[in-house]
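The structure under discussion appears below in the form of structure tokens.
The values are calculated or read from the model by the stated rules, or taken from the named source; none is laboratory data. The structure displayed is predicted, hence computed values, not measured ones. Counting neighbours? That spans all protein chains shown, and the Cβs are built from the backbone with ideal geometry, glycine included.
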Amino acid sequence: MIILGIETSCDETAASVVRDGKEILSHVLATSAQMHIKTGGIIPEKAAREQVKSIIPVIEEALREAKLLVVGSETHNSQPTTSPKIDAIAVTYGPGLIGSLLVGVETAKTLAYLWHKPLVPVNHLVAHIYANWLTPKYTGLSTQGSGEPKLPAVALVVSGGHTDLVYLKKHGEMQYIGGTRDDASGEAFDKTARLLGLPYPGGPAIAAAASRYSLPATHHQPFLPRPMLDSHDFDFSFSGLKTAVARFYKENPDIPQEEFAFEIQEAITDVLVEKSLRAVKQYKAKTFLLAGGVAANSRLREKFELRISEACCRTVKDYELRLDFRVPLPMFCTDNASSIAACAEHLYKPVPWQKVEASPNLSIMN
Ligand code: KG4
Ligand code: ZN
């Protein structure tokens, strides 16, 4: 199928055309992130206003780039006329900011009605996982792994508002393993960055500061807690880390920012790696799928790569860990519409446009 994906759950306005759930024919993204740097966080109403302005140009650009805007179908008075040669429209319906979600959902509903196309509502968090099915030849970069990821898999979704571990038995059959009890890992990056005086979004800012830390990782002395590392479940908790950073920073103002940033990154990634690999072992997964904005973090990617390649060389009790590790290219870890289209292909459930509604508090299991 050829699917037009639309994503507007946070501050991005994105549209992509994807063939067969993997081949990216176009990938367009507008963001108001620059605007939010000044305020140190997203102002939902401002984000939505920007999305209202950019949604039609972004969709047009995605269709044009995919060579699907037939001559004569160019917009006239901003009204697309002729139906493009797509099989369906997919749109993020949650979770996310209500104003932002409404922009994408209402636009998608209107286009589905005008063009007589099936409309597939997509869960944004599940879509992050399906970024691992994309084969981004389009970027000119090589793909991670080869062939489609094999199931069953364990997936860790780490985004700005969510940290979830799930077991993916087959497409459409998912089981919840664990998740955060309070702040998400992305939120921990964002909030601790602010404490260090680093800009929003905090994840890339902490990663950049940490990369300036000159001591080799093996010589670094940890000084922050690794929350819930030893708990006998698959849950996470990151709000205590924020408190620990605030206290430690106040008591030790001489610690260089880059050392602090490195330690924060270590504390967050240590717990994510340990708990995920325990889940992989317990569920005997063939593949481990990393996804979501925090998956763009190179230290996290490196730690998983290292641990999985070490583990592949030994037999863990009765379970031989021959694990395939997949993580999307960084540009497909953060919010984008190609993942939305890929997800819709694999979990194809069209819904009459009249019944599609934005759902800001959707969980990964809905
Ligand atoms: O998935 P995403 O783009 O949007 C949501 O669905 O929330 O994730 C955004 C989160 C933010 O918290 C941001 O700080 C974090 O991903 N992030 C990173 C990196 N790039 C983005 N965290 C750590 N390292 C990065 N390189
Ligand atoms: Zn996201």
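Between a first residue in the stretch 68-97 that is more than 19 Å from L25 (Cα to Cα) and a second residue that is at pLDDT below 80 and outside any strand (DSSP E or B), which pairs have beta carbons less than 7 Å apart while being 6 or more apart in sequence or on different chains?
The qualifying pairs are P80/S73; T81/S73; T82/V70; T82/G72; T82/S73.
Need pairs with beta-carbon distance below 8 Å; first residue farther than 16 Å from L156 by Cα and within the stretch 225-250, second of a type in the set (S, T, N, Q) and part of a helix (DSSP H, G or I); sequence gap 6+ or separate chains.
L241/T192; K242/T192; V245/T192
How about the stretch 342-366: which of its residues are under 13 Å from V126 (Cβ atoms) and assigned to a helix (DSSP H, G or I)?
A342, C343, A344, E345, H346
Give the number of residues within the stretch 152-181 that are β-branched (V, I, T) and away from ligand 2 (no atom under 16 Å from the Cβ).
Total satisfying the criteria: 2.
Report yes if L134 is within 16 Å of ligand 2 (Cβ to nearest atom), more than 27 Å from V351 (Cβ to Cβ), at pLDDT 95 or above and not small (G, A, S), otherwise no.
No; evaluated as a whole, the condition is false for this residue.
Please state which one of V273, V294 is closer than 24 Å to A210 by Cα, assigned to a helix (DSSP H, G or I), within 15 Å of ligand 1 (Cβ to nearest atom) and in contact with a Gly (Cβ under 7 Å, 6 or more places away or on another chain).
After ruling out the rest, the residue left standing is V294.
Mind listing whichever residues of the stretch 96-121 are surrounded by fewer than 20 Cβ atoms within 10 Å (Cβ to Cβ), part of a helix (DSSP H, G or I) and not aliphatic (A, V, I, L, M)?
The answer is G99, E106, T110, Y113, W115.
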